[in-house]
Each structure stands twice: as C-alpha cells, then as structure tokens.
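Structure first, then comments.
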Amino acid sequence: DVKVTQSSRYLVKRTGEKVFLECVQDMDHENMFWYRQDPGLGLRLIYFSYDVKMKEKGDIPEGYSVSREKKERFSLILESASTNQTSMYLCASTRMSSYNEQFFGPGTRLTVL
Amino acid sequence: RKEVEQDPGPFNVPEGATVAFNCTYSNSASQSFFWYRQDCRKEPKLLMSVYSSGNEDGRFTAQLNRASQYISLLIRDSKLSDSATYLCVPGGYNKLIFGAGTRLAVHP
C-alpha cells in the first residue's frame with residue numbers, strides 16, 4: 001500500500017515565522033506535489049517536483065518555496081508566514097506518468113495567527 | 001472562467017436514489033480524466049478514471065464528452081457511505097486540475 005505521510009496534522013504559527021511542512025512517500029514515486037485546499041476553491045497546486053532537486057512552480061507559488069533533496073521527501077517552506085496562508089496543505093505523489101493516480105497524505109491544517 | 005466548474009451542491013438524496021454530477025473543463029488539451037472522492041476531513045482518493053468510451057465500476061458510471069468538454073458521474077442505488085465530496089479532475093500537461101467538488105449527502 002502506498003503511504004504518504006505529512007509531519008503534522010495541525011500546526012499553529014505566528015505571522016512572520018518560517019514554517020516547514022514535510023512530506024514523505026514510501027513507494028519510490030518520481031513526482032511529488034504540494035497543494036492547498038480552501039473552501040469553495042478546491043485544491044490549488046503550489047509546487048511540484050519530477051525528481052530530486054527538480055522543482056516547478058504550480059498555480060500559486062508566491063510566498064512558498066520547496067526542497068527535494070531526497071526522492072522520498074518533499075518539503076514546503078513558508079519563508080514568512082502570513083494570515084492568508086492559513087489553509088489545509090496536502091502533499092501527493094505519483095509515478096512518472098502524470099496520468100497515474102495521485103496518492104495524498106492526510107493533510108496539515110495550518111493556522112497563522 | 002474557472003478551469004473546472006462543478007455544482008457545489010449539496011445534493012441531499014435518500015438511500016437508493018440515483019444521482020448525477022456534472023463537470024465542465026476549459027482545457028481542450030486535457031488527455032486524462034478522473035473522479036476523486038474526498039470524505040469529510042480526509043484526503044482525496046481516486047474513485048475512478050474516465051475513458052472516452054465511458055466506463056462503469058459497480059454502481060458508478062463515468063462519461064466523457066470531449067466535444068462539449070463535459071464529464072459526468074452517475075451513482076445508482078446510493079448508500080449512506082457514498083456521502084462525500086466528489087472532485088472532477090481533468091489532467092493538464094504533467095499535472096492534474098482539481099475541481100472544487102460537489103457535496104453529496106445520502107440520508108436514510
């Protein structure tokens with residue numbers, strides 16, 4: 001069974017703090033993704049990665065950066081958290097072909113005060 | 001215009017009912033299509049892929065109309081356990097585009 005894990009289920013941070021969200025998958029998937037999900041807006045792609053040290057901007061990359069130093073791990077970084085980054089963050093992974101099923105982690109609900 | 005448009009619902013139906021969800025997408029270059037299911041406070045999970053010829057998986061039937069850029073999902077004989085949000089997902093180049101979802105509530 002594919003397993004995607006995220007470092008925290010709930011996180012509360014203050015405005016201006018640097019925030020790290022970690023995602024790990026155990027199926028040797030090449031592609032990994034970070035989304036945020038907000039009511040009425042659905043999942044919006046922040047960044048994705050095809051391979052180690054590779055990254056591509058998604059639809060809403062502003063205010064975020066990512067790191068992929070190892071194939072199984074994809075980190076999302078909020079350099080200076082703001083209240084409008086309060087959201088549910090979901091990580092996903094899939095095999096190289098983008099037409100394959102994406103497997104999601106359980107999500108991290110981040111609140112920025 | 002949004003890339004994927006879905007009726008947000010909620011659709012409130014009794015057990016045993018047949019319910020249909022529709023979705024339109026704007027990217028005519030989309031080559032792959034999926035329906036994902038998301039339970040309350042859970043992550044999305046793949047329900048089924050959608051093929052040009054249409055496909056069925058038990059009580060679920062998915063249809064694709066490329067000319068109209070329209071995808072549908074039909075659920076027959078609804079169960080309480082079908083209560084969830086259903087996400088329409090056309091595939092773009094190297095990524096998936098998720099709709100905001102249609103909420104289904106099945107009641108006894």
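Using a probe radius of 1.4 angstrom, the carbon and sulfur fraction of the accessible surface of the protein assembly as shown is 49%.
Quick one: order B:86, B:70 from most to least accessible surface, probe 1.4 Å.
Result, largest first: B:70, B:86.
Restricting to Cα pairs below 8 Å that are 6+ residues apart, what does the relative contact order work out to for chain B? Please round to a whole percent.
38 percent.
Accessible area ranking (1.4 Å probe, heavy atoms, ligands and nucleic acids excluded), largest first, for B:95, A:70: A:70, B:95. Each Lys and Arg contributes +1 and each Asp and Glu -1, all at the Cβ; summed about the Cα centre of chain A, the dipole is approximately 300 debye. Karplus-derived 3J(HN,Hα) values for segment A:65-72, using 6.51 cos²θ - 1.76 cosθ + 1.60 with θ = phi - 60°, are 9, 9, 9, 9, 8, 10, 4, 7 Hz; glycine and proline are entered as x.
Determine, at each q value in 0.12, 0.20 (inverse angstroms), the log₁₀ of I(q)/I(0) that the Debye formula gives when each Cα of chain A is one equal point scatterer. Taking Cα atoms of chain A as identical point scatterers yields -0.36, -1.03. Rolling a 1.4 Å probe across the protein heavy atoms gives chain A an accessible surface of 49 Å² per residue.
Taken over chain B, the percentage of Cα pairs per 5 Å bin, counting from 0 up to the bin with the maximum distance, is 2, 13, 25, 25, 20, 10, 4, 1, 0. Computed with a 1.4 Å probe over protein heavy atoms only, the accessible surface of chain B comes to 49 Å² per residue. Counting heavy atoms of the protein chains alone, residue A:79 has an accessible area of about 90 Å² for a 1.4 Å probe.
The figure for residue A:7 is an accessible area of roughly 70 square angstrom, using a 1.4 Å probe on the protein chains alone.
In the complete set of protein chains, residue-level accessible area for residue A:103 is approximately 60 Å², probe 1.4 angstrom.
The Cα atoms of segment A:66-113 give a gyration tensor whose axes a ≥ b ≥ c have a/c of 1.5 or more with a/b greater than b/c, which makes the shape prolate. Take the accessible area of B alone and of A alone, subtract that of the pair with a 1.4 Å probe, and the total buried over both chains is about 1600 Å².
Taking 0.36 nm per residue of separation and subtracting the Cα-Cα distance, full extension of the segment from residue A:113 to residue A:18 would add 32.9 nm. Using Cβ point charges alone (K and R +1, D and E -1), the dipole size of the protein assembly as shown about the Cα centre works out to roughly 420 debye.
With respect to the cross-link table entries A:18/A:53; A:71/B:45; A:3/A:71, which display a Cα-Cα separation exceeding 18 Å? Correct reply: A:18/A:53; A:71/B:45.
Picking from B:26, B:53, A:20, whose Cα lies most toward the positive end of the charge dipole for the protein assembly as shown (charges on Cβ: Lys, Arg +1; Asp, Glu -1)? Looking along the dipole axis, the top candidate is A:20. When all protein chains stay in place and ligands, DNA and RNA are ignored, the 1.4 Å accessible-area order of A:65, A:87, largest first, is A:65, A:87.
The values are calculated or read from the model by the stated rules, or taken from the named source; none is laboratory data. Note that this is a predicted model, so its numbers are computed, not measured. Because the Cβ atoms are built from the backbone with ideal geometry, glycine has one as well, and the counts that use them run over all protein chains shown. Remember, those area values only see protein heavy atoms, side chains included, never the ligands or the DNA or RNA. Shrake-Rupley method; radii C 1.70, N 1.55, O 1.52, S 1.80 Å.
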